[in-house]
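Enquirer: I have a structure I would like to understand better, so I am pasting it below and will then ask my questions one at a time.
The values are calculated or read from the model by the stated rules, or taken from the named source; none is laboratory data. Treat the numbers as computed from the prediction; the structure is a model and nothing was measured. Every residue, glycine among them, receives a Cβ derived from its backbone with ideal geometry; neighbour counts consider all protein chains shown. In case anyone asks, the SASA skips ligands and DNA or RNA and just uses the protein heavy atoms, side chains included. Shrake-Rupley method; radii C 1.70, N 1.55, O 1.52, S 1.80 Å.
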Amino acid sequence: MTSTTTDATASIPPPAPEPGGDVPVLDVDPFSPEVLLDPLPMQHELRETGPLAYLSRYGVYAMGRYADVHAALTNWQGFISSAGVGVSDFRREPPWRPPSLLLEADPPHHDAPRAVLTSILSARALRRLRDRWLEDAREVVAAALARGGDLDGVADLAEVFPLRVFPDAVGLGPDGREHLIPYGSFAFNAFGPRNDLLTSAERDIGPTIAWIGEQCRRENLAPGGFGAQIWAASDRGDITPEQAPLVVRSLLTAGVDTTVNGLAACLHAFATHPDQYARLRAEPALARVAFDEAVRWESPVQTFFRTAEVDIDVSGFRVPADRKILMFLGSANRDPRRWQASDAFDLGRDPSGHVGFGMGLHQCAGQHVARLEAEALFTALAERVERVELVGEPTRKPNNTLRTWQQLPIRLVPTG
Ligand code: 8QM
C-alpha cells in the first residue's frame, strides 16, 4: 500500500545526495547497453532487493514489483508527471521540446486534452476503421508470402503495417513519413540520461523534429482523420487552438514505435512458441489476447519516471519529496508475486492488469488503436500462415525506454 504524508512546515528541500532511511542502494545502470540488451537479470535483482531501491548513479529511486508500480501509477497526486517522466527534472533543466500536454502534465491541465484524445481514439470511434484495416493487413501478409515467405519481421510486418494504416488514420500527407520512426526512437531515448544512445541520435534529428512540427498544423491534416478531429475539438472550445498541434504531436510521438515494437514482440513470441501460435490458428479470436500478452511479456515501454510531490511511503520505505522515481513497467509485468509462470508467453492466461500500457489517469490513450492494428495483422496472419519460424539470430536495437527488435529473420510457412 502507498500512503501520502505531507509535512506542512517544511518547504521542498533540494535533492539530497543519499537516500533517506534504510532504502537499499543499487549501483546498476539500467540505461547501460548491457542492461538494455538483456534487462531481465537486473529486473530480478531490483525486485529481490525490495519494494524500493536508490540508484546511486542517477540519484533516483526505483521500483520493480508489480504492487508498488501499480500503486505509484495510480497515485497521480503523490507521483506527478509535470516535472517530466524521464530522468531529467523539467523544473531544473529545460526539456528538449515543449512538454506534452498529456504525458508530461497533471490535472487539471492534463484533463481537457486527455478527454479530447480519448474520445477520438475510443474503441467505439475506431470501429469504422476495422474492416479497412483487416483488408490492408491481408494485403501485407499476401505481399510477404508472395516474396517466398522469408522476411524481416520488423521491417516487412511490424513496421510496414502500422506505417500503412496509422498515418492515413491521422490524416498525414504522403511525404516524409519516414521521419515517424526516427522521431519516436529519439523521443523515447530522450526520457533516459544523456548517454551515447541519446547524443548520437541528437546529431541528425533537427529536420525530423521540424517535419513533425509541420504535420501538426491544421492545413496539413486531411479531413476526417484523428488530427482534423483534434482541431475540430478546438473549434468547439474543448481545447484551445494553441493546444491542438501539441495533442496531434502526442499521436505522432507515441503512436508508431510503441505499436511497431508490440507487434514485433508478438511475432517473436509466435516464432519462439509454436504451440502458442497454434492456439491462435485454432482460435483466431485470441489475436487481441496474444497482443496484450506480448505487451505484458516484452513491455515495449520498459520504464517511466514520476516525481514525488511530497514524502511518500512505498511499502515501508520513504521517497522524499521532489525526487525522481523510476517505475519498471517491464519488471512489474514479469513479477512472480503477481503472475504465475511470469516468464512464460501463454495465450491461456488473462494478461489484463498488466502495466505495459500504464495504469490509472495516464493509461495509454492509444491502446484501442494498437489493439485494432494487432487484431487486423494477426487475424490476417492466422488465415494464411501455418507456422512462423525463426530462420536467423534476431537482433536488438537498444533504446533508453523501448524494448525493440532491430531485425527478426523469420519464415512464414503458408497454410496448405
Ligand atoms: C509513451 O508525447 C506524448 O504525449 C507521449 C509520448 C510518449 C508516450 C506517451 C505520450 C507512452 C508511449
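Enquirer: Given a 1.4 angstrom probe, what's the average accessible area per residue across the chain, in square angstrom?
Expert: Roughly 41 Å² per residue, with all protein chains present.
Enquirer: Shifting gears a bit: Once neighbouring chains are kept in place and the probe is 1.4 Å, which whole percent of the accessible area of the chain is contributed by carbon and sulfur?
Expert: Percent of accessible area from carbon and sulfur atoms in the chain: 54.
Enquirer: Note down the accessible area of Val116, probe 1.4 Å, to the nearest 10 Å².
Expert: Around 10 Å² of this residue is reachable by solvent.
Enquirer: Then there's this: Under the rule of -39500 (n - 2.57) per DSSP H run of 4 or more residues, summed and divided by the residues of the chain, what mean residue ellipticity at 222 nm is obtained, to the nearest 500 deg cm²/dmol?
Expert: -12500 deg cm²/dmol
Enquirer: Once the whole set of protein chains is in place, how much accessible area is left on Arg194, using a 1.4 Å probe, in Å² to the nearest 10?
Expert: Surface open to solvent at Arg194 totals about 150 Å².
Enquirer: Provide the three semi-axes, in whole Å and in decreasing order, of the ellipsoid equivalent to the range 103-249 as defined by the square roots of 5 times the Cα gyration tensor eigenvalues.
Expert: One finds semi-axes of 28, 23, 14 Å for the range 103-249.
Enquirer: Same structure again: Taking a quarter of the surface of the Cα convex hull of the range 337-416, what do you get in nm²?
Expert: Approximately 7.6 nm², given one-decimal rounding.
Enquirer: Can you tell me, using C-alpha contacts under 8 Å and at least 6 residues apart, the relative contact order of the chain as a whole percent?
Expert: 27 percent
Enquirer: How big is the accessible area of Asp292 in square angstrom, nearest 10, if you roll a 1.4 angstrom probe over the protein chains?
Expert: Only protein atoms counted, so the area is about 20 Å².
Enquirer: Please give me, ordered by residue number, the trypsin sites (Lys or Arg not before Pro) of the range 43-106 that lie in loop per DSSP and have at most 12 other Cβ atoms within 10 Å.
Expert: Qualifying residues, ordered by number: Arg91, Arg92.
Enquirer: Report Rg/Rh for the chain, rounded to two decimals, where Rg is the Cα radius of gyration and Rh the Kirkwood radius.
Expert: With Rh from the inverse mean 1/r over Cα pairs, Rg/Rh is 0.96.
Enquirer: What is the distance in Å between the Cα centroid of the range 222-279 and that of the range 340-416?
Expert: The range 222-279 and the range 340-416 have Cα centres separated by 15 Å.
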